[in-house]
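**Student:** Structure below; questions to follow.
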Amino acid sequence: MKFSFKNDYSEGCHPNILQALSQHNLVQQAGYGEDEYSLKAKALIKEKINSPDSEVFLVSGGTQANLIVISAILKPYQCVISAAPGHILNNETGAIEATGHKVLSIETADGKIKPSDIVPILEGHSNVPHQVMPKLVYISNSTELGTIYQAKELEELSAFCKENKLYLFMDGARLGHGLTAEISDLTLEKVAALTDVFYLGGTKNGALIGEAIVINNPVLQEDFAFNIKQKGALLAKGRLLGIQFMELMKDNLYFELAQHANQQAMKIKKALQEKGTAFLSDTYTNQIFPILNNDLIEVLSENFEFYVWKKIDENFSAIRLITSWSTGDEAVNRFIEIIKQN
């Protein structure tokens, strides 16, 4: 049996969640997210972000969260700005464009967006009313390349967006991993203070399914629930999401799981660095992109599953390795052993 480093949702869910789902299974509750578990989960999230006026909405997945948020926020003639590696641009089957909203991309080496990256887009869309209006900046933390935003970077981007009347939306599918990276100085509370909307990803961090959308801008909160229902995201048995986030949020389990995933990835990264391996990007989260000889990649493929991310030349390619909350020492040590032997 091969160990999988393909993604961070290969397994089911953390045992605490499975136990809680079983424990509360026969307790009758209100539907559509009005159950006591969903209400408790939302209260815990508001407490952790120290923002009682924020509104929390639980949905089943990341693409669904991105689709609902962006389509709800933007008017028909407005568009969204994304880094070129952005998930909404490359891995969501044109879901955003299907709602009638254009996605403007920014080429970026590290997957992050700086204020200076946005200026040319704003200048290039000044022919009013003949062009789409840039209105929302979409970022990911951690990014699709495993990099993270530091507090100063997010502060500068947030200030720029406010000055230019742009909304700032953070895709948090891997937010736990971003915030618990060893070099991160960003906090969940600061994310809430600096963004109009973000979400906490559960699917990639111990849950069966689920993302928690957090709307901090009161202007965007009004009538948002209608969008949830219209897009088919309002689960009749909302308890399925509520119980999971209740478990993830209490006792900091959410952050412990993400930190474990990061630490396992860093063990592999350190072993590769000791062999003189170069990386596609310098990451401190649970995604790493080592550049390896194709012969070594073939050897590793006999024992592990992972994506060959990018061909560098005829002899070398970058692979993507992703560790998860459940990645054990056996898999990590076996990978390191093969690296040392080759």
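The values are calculated or read from the model by the stated rules, or taken from the named source; none is laboratory data. Please read all numbers here as calculations on a predicted model, not as lab measurements. We place every Cβ from the backbone using ideal geometry, glycine too, and count neighbours over all the protein chains shown. The protein model used for the area step is the full one, side chains on, heavy atoms only, and it has no ligands, DNA or RNA in it. Shrake-Rupley method; radii C 1.70, N 1.55, O 1.52, S 1.80 Å.
**Student:** For residues that are under 17 Å from the mean Cα position of the chain (by Cα), β-branched (Val, Ile, Thr) and open to solvent by 20 Å² or more (accessible area, probe 1.4 Å), tally how many sit in the stretch 203-254.
**Tutor:** Total satisfying the criteria: 2.
**Student:** Also, quick follow-up: For the stretch 1-32, give me the residue count where each residue is of a type outside the set (Asp, Glu), open to solvent by less than 70 Å² (accessible area, probe 1.4 Å) and part of a loop (DSSP other than H, G, I, E, B).
**Tutor:** Number of matching residues: 12.
**Student:** Counting residues that are closer than 21 Å to residue 285 by Cβ, which helices (runs of 4 or more DSSP H) fully inside the stretch 112-194 reach at least 3?
**Tutor:** Helices (runs of 4 or more DSSP H) meeting the threshold: 151-163, 175-179, 188-194.
**Student:** Within the set of pairs 6 or more residues apart or between chains, which connect a residue that is under 12 Å from residue 261 (Cα atoms) and modelled with pLDDT of 95 or more inside the stretch 155-182 to a residue that is hydroxyl-bearing (Ser, Thr, Tyr) and open to solvent by less than 10 Å² (accessible area, probe 1.4 Å) with Cβ atoms less than 6 Å apart?
**Tutor:** Qualifying pairs under 6 Å: 174/142; 176/254; 177/142; 177/285; 178/142; 181/285.
**Student:** Within the stretch 214-233, is even one residue assigned to a helix (DSSP H, G or I), touching a helix residue (DSSP H, G or I) at 6+ places or on another chain (Cβ under 7 Å), modelled with pLDDT of 95 or more and not aliphatic (A, V, I, L, M)?
**Tutor:** yes
**Student:** Follow-up. Looking for something open to solvent by less than 10 Å² (accessible area, probe 1.4 Å) and either touching a strand residue (DSSP E or B) at 6+ places or on another chain (Cβ under 8 Å) or under 29 Å from residue 175 (Cα atoms) (or both) - is there at least one such residue anywhere in the stretch 300-309?
**Tutor:** Yes - at least one qualifying residue is present in the stretch 300-309.
**Student:** Ok, one more. Could you grab the pairs with beta carbons closer than 6 Å, sequence gap of 6+ or different chains, first residue in the stretch 285-299 and under 29 Å from residue 183 (Cα atoms) and at pLDDT below 95, second one open to solvent by 10 Å² or more (accessible area, probe 1.4 Å) and of a type in the set (Lys, Arg)?
**Tutor:** The qualifying pairs do not exist here.
**Student:** Let me ask something else. Can residue 82 be described as among the hydroxyl-bearing types (Ser, Thr, Tyr), more than 18 Å from residue 225 (Cβ to Cβ) and in a loop (DSSP other than H, G, I, E, B)?
**Tutor:** no
**Student:** Quick one: would you say residue 35 is in contact (Cβ under 8 Å) with a residue 12 or more places away in the chain and surrounded by fewer than 18 Cβ atoms within 10 Å (Cβ to Cβ)?
**Tutor:** When the stated conditions are applied, residue 35 does not pass them.
**Student:** Step by step: first the residues of the stretch 261-293, then only those that are assigned to a strand (DSSP E or B) and among the polar types (S, T, N, Q), then the one that is farthest from the chain's Cα centre (by Cα). Which residue is that?
**Tutor:** Filtering the stretch 261-293 for residues that are assigned to a strand (DSSP E or B) and among the polar types (S, T, N, Q), the one farthest from the chain's Cα centre (by Cα) comes out as 293.
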